[in-house]
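Laboratory data are not the source of any read-out in this text; all were calculated from the coordinates shown. Fair warning: this is a prediction, and the values are worked out from it, not measured in the lab. Don't worry about glycine lacking a Cβ; one is built from the backbone with ideal geometry, like all the others, and counts go over all protein chains shown.
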Amino acid sequence: MIITKEYFKKLYLDKFQSMHGKEITEATPMDQYLTLGAVIRDFISRKWIASNNTYATMEDKETYYFSLEFLLGKLMNANLLKLNLGEICTEALEELGIHLDQIEELEPDAGLGNGGLGRLAACFLDSLAFLQLPGHGCGIRYKYGFFEQKIVDGYQVELPDNWLKYGNVWEIRKADKAVEVRFGGNVRLDQADGRTLFIHENFDPVLAVPYDTPIVGFRNNTINTLRLWSAETTMKDFDFSTFNRGDYLNAVKYKYEVESISQVLYPDDNHLEGRVLRLKQQYFFVSAGIQSIVRRYKKHHADLKYFHERVAIHINDTHPVLAIPELMRILIDEEEMGWDEAWEITTRTISYTNHTILPEALEKWPIDIFQTLLPRIYMIVHEINERFCSSLWQKYPGDWNKIRSMAVLSDGYVHMAHLAAVGSKSINGVAKIHTEILKNQVMSNFYDYYPHKFNNKTNGITPRRWLLKSNPKLAHLITDTIGSDWLQDSKKLQQLEHYAHDPVFQEETHRIKQHNKAALAALIQDKYQVAVDPNSIFDVQIKRIHGYKRQVLNVLHIMNLYNRLREDPNLDIHPRTFIFGGKAAPSYYMAKQTIKLINTLASVVNQDSRIKDKLKVIFMENYNVSLGEQIFPAADVSEQISTASKEASGTGNMKFMMNGAITIGTLDGANIEIKEEVGKDNIVIFGLTADQVLKYYQEGGYNAWNLYHGDSRIKTVLDQLVNNFLPVGPDEFRSIYEGFLYHNDEYFVLKDFSSYVDAHNQINQLYNNRYKWLQMSICNIAHSGKFSSDKTISEYARDIWNIHTIPIPDQPMF
Ligand code: 26V
């Protein structure tokens, strides 16, 4: 059925009246927004039911992607694009005096993630639906998402993200699908019919209530499901009158404790804070998710023997690793299966992705905490460990060191990555170099023992959000140039290579970049009252603030450039605007000081008229998905400058590339594969290699003082951190200074400084040759199809999950 503008208007008006009971002329912007959400939902719902019915009755497999984080961003515009209703909707609403872009602003970002790992999960869901693959997400419906960042006097301040304040137009509460999750208590053993029974008693029950969000396929009929669990008390009515005074208070406390499980997303990225509430969150959603999958399976299949032929469960990092003992528990305790059969099914169902090699992020839990909170799960983990260690003994008799280094339980801890490695069929890294480091360093013992389990799946990003939605002008130019096939197959972007030298196409890409830069400049003017020149080079680093990502290397280079400009205001450089964005974990002092340093430097540089507007520094507050959508299309230069070996993959690097920015980066993560794709002349590489970094860590031999004394540029900028050059107290940045010199520069910032300055000089020269720059930019866009999450997900589907395309039949619209 063709949807006309008139028809859309009618749908909208009818919906408005039935929802709000008043005339459209009385509508508030929020009424307008909620109405549009409801209209779009109606377009989705039939397809959603059809998708669910098709999956329920097919004889094929479904995947469940378990993740503590899904960083979706806004959905309204994205869903309109996918349903191909964007234009009709815009025009229909205009005639009603409603501006779509204004009401879209009212939608809060669904910020249920910290950064790369959570956004990857969102891109993967998008690609699953695009590829018509039966794949769903499972996670937590946090009441408060990732905190909102405010900058006050240059410092980060965290405010709660109350994203559900006005309700959520996309979710459907499924109270009838709630399940119970049990914490604490004890396990009593009993015997019946020659079987040992494990009876979990005296536990605290928590009700897990699912909220389903449709994941819309791009211009197809597929609607998959993201199921997020919310914690509620199992008490039917919270009837205070039946409690005496003491119990009343206890009842309130109990309700509060239960609900706290899904209250807030932990704002840590790459750093373990061993709080028991976090472990509760992990078991809560994993148990709820597995119970609901088993229940659904049993509705359509008699025998759990074939579970792994119908269900694939993927664990996004170790956070959902309790899926392994939980599935064992259900198969053994509830379905009365023997250990060996349950283990066979479990280890054929579950697969695991590692996302970081930073030792401080590898999850481990003290055994006493774990055992108290999850007594039955602990027994199962203990048994898994016993059996695993005895098989290790078979292979490495007497090698206790090796066995201890691989055990799931050792030194008083449960080692989650070890549990993941033992209990899953596949272990993958997220970029080639990362997988090699896993195999040869971090998990080398496991690689020796289970070589067949290891594989690489280089990350990707969805071109629907990161090109079509965020950069519509570039998307149109691409379609006008090579046709629309690239929307179905991102590899086809390669055809743009034929236009890399075409002056007309070059001019068009340039015009669009300038348009996007002007829009970002206007936003910066509006928010920060700083004038940035769209003709300057927009040099951008947006990502979490972390030592290993080396925002301070970027800062030291800017300070050096500033020093050169003050010495010679006529220095022949193309004007530069350095843009930063990103959040620091609230407890990460050095990262928060880095934000203060960037803002302090910005306040100095931006006011200095001597340097004739050749340098500007901007810190953009509250970096999130929506802000990213405005920044990536406006970037000329993409800063990917992590200490080699530390950034597992990076995905921001891919978003920049797809929008035509040139990478300045180390040979780390996916930068290496970006270089392989575009060739060494279309990327600017500097710094130590991963091998060199790892060698320093193993053998020592690095001395930061030598670099300080040996390079006057380094000495000058480091001294400027502590000698009143910056308008702050003398000790404000002493910790950063001391990190370099007294803690020997953990991330090799000083070592890479000189080659980084050279790399920036090279960027300057390249930009001055407009023809060359545009050719490089187009080459990057043309090769970005390799980093589409469609490609990544096809590989997961084929190599790990064994799931297949299931087209959903057309549905009558209404
Ligand atoms: C780890 C931890 C550890 C313990 C507690 C809190 C917490 C929260 C999040 C994480 C995940 C950190 C790992 C992570 O985000 N890795 C990033 O994953 C991206 C997607 O694969 C990848 O592109 C980035 O390079 C990698 O840093």
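Based on the Cβ-Cβ distance from E676 to M19, what FRET efficiency comes out when R0 is 35 Å, to the nearest 0.05? Each step should come with its number before you reach the end.
Details: r = 53 Å, r/R0 = 1.51.
The calculated FRET efficiency here is 0.10.
Spin-label model, R713/T805: points 7 Å from Cα along the beta carbon direction are separated by 5.2 nm. Beyond 26 Å between alpha-carbons counts as too far, so tell me which of K439/K695; K432/K492; K298/K439; K61/K177 fall in that bin. Check vs 26 Å cut-off fails for K298/K439.
What shape does the stretch 121-243 take by its C-alpha gyration tensor, where a ≥ b ≥ c are the square roots of the eigenvalues and a/c under 1.5 counts as rounded, a/b above b/c as prolate, and the rest as oblate?
Details: a/c = 2.13, a/b = 1.35, b/c = 1.58.
Judged from the Cα gyration tensor, the stretch 121-243 comes out oblate (a/c at least 1.5, b/c at or above a/b).
Backbone geometry of the stretch 167-175 corresponds, through the Karplus equation with coefficients 6.51, -1.76 and 1.60 at θ = phi - 60°, to 3J(HN,Hα) couplings of x, 10, 5, 8, 8, 10, 6, 10, 4 Hz, x marking Gly and Pro. Calculated mean residue ellipticity at 222 nm for the chain: -14000 deg cm²/dmol, from DSSP H runs with n ≥ 4 weighted as -39500 (n - 2.57), summed, divided by the residue count and rounded to 500. The gain in end-to-end length when the E334 to Y742 segment is fully stretched comes to 141.2 nm, 0.36 nm per residue minus the alpha carbon separation.
For a test of the definition: using alpha carbon positions, the gyration tensor, and the 1.5 limit on a/c, classify the stretch 301-343 as rounded, prolate or oblate. Taking the square roots of the gyration eigenvalues as a ≥ b ≥ c, the stretch 301-343 is oblate. Cβ-Cβ distance of M30 and K527, R₀ of 30 Å, FRET efficiency by 1/(1 + (r/R0)^6): the value works out to about 0.85. Net length available on complete extension from A361 to R295 is 20.4 nm, with 0.36 nm assigned per residue and the Cα-Cα distance removed. Going from the residue with the fewest nearby Cβ atoms within 10 Å to the one with the most, R387, R195 rank R195, R387.
Pairs exceeding a 26 Å alpha-carbon distance, out of K74/K364; K457/K543; K143/K280; K527/K596; K47/K74: K74/K364.
Sequentially through the stretch 430-442, phi angles give Karplus couplings (6.51, -1.76, 1.60; θ = phi - 60°) of 10, 7, 3, 5, 5, 5, 5, 5, 4, 5, 9, 10, 5 Hz, Gly and Pro residues having no value and appearing as x.
Once you've got the Cα coordinates, tell me which of K469/K791; K612/K751; K425/K549; K513/K680 are over 25 Å apart. Checking Cα-Cα distances, K612/K751; K425/K549 exceed 25 Å. Based on C-alpha pairs under 8 angstrom that are at least 6 apart in sequence, the chain has a relative contact order of 14 percent.
Can you give the FRET efficiency to the nearest 0.05 for H498 and E59, using r as the Cβ-Cβ distance and R₀ = 56 Å? Write out the running numbers ahead of the final one.
On the way: r = 45 Å, r/R0 = 0.80.
My answer for the efficiency is 0.80.
The calculated Kirkwood hydrodynamic radius for the chain is 28.3 Å, given to one decimal from all distinct C-alpha pairs.
Look at M19, M379, M654, M559 and count the other Cβ atoms within 10 Å of each Cβ; fewest to most, that gives M19, M379, M559, M654.
So, with +1 on the Cβ of K and R and -1 on the Cβ of D and E, and no other charges, what is the size of the charge dipole of the chain about its Cα centre, to the nearest 20 debye? Walk me through the intermediate numbers first.
Values: 88 positive and 101 negative charges, 68 e Å.
So the magnitude is around 320 debye.
For the stretch 727-814, just say rounded, prolate or oblate: build the C-alpha gyration tensor, square-root its eigenvalues into a ≥ b ≥ c, call rounded for a/c under 1.5, and beyond that prolate if a/b exceeds b/c, oblate if not. Since a/c reaches 1.5 and a/b is larger than b/c, the shape of the stretch 727-814 is classed as prolate.
Going by how many other beta carbons lie within 10 Å of each one, how would you line up S777, S127, fewest first?
Details: S777 22, S127 27.
Fewest-to-most ranking of S777, S127: S777, S127.
Dipole orientation for the stretch 299-350: of the candidates T347, A323, A312, A312 has the Cα lying most toward the positive pole (charges on Cβ; Lys, Arg +1; Asp, Glu -1). Inter-part distance, the stretch 538-562 to the stretch 645-676, computed on C-alpha centroids, equals 16 Å.
For the stretch 184-315, what's the relative contact order in percent, using C-alpha pairs closer than 8 Å and at least 6 residues apart?
Working: 106 pairs, mean separation 19.9, N = 132.
Reported as a whole number, the value is 15 percent.
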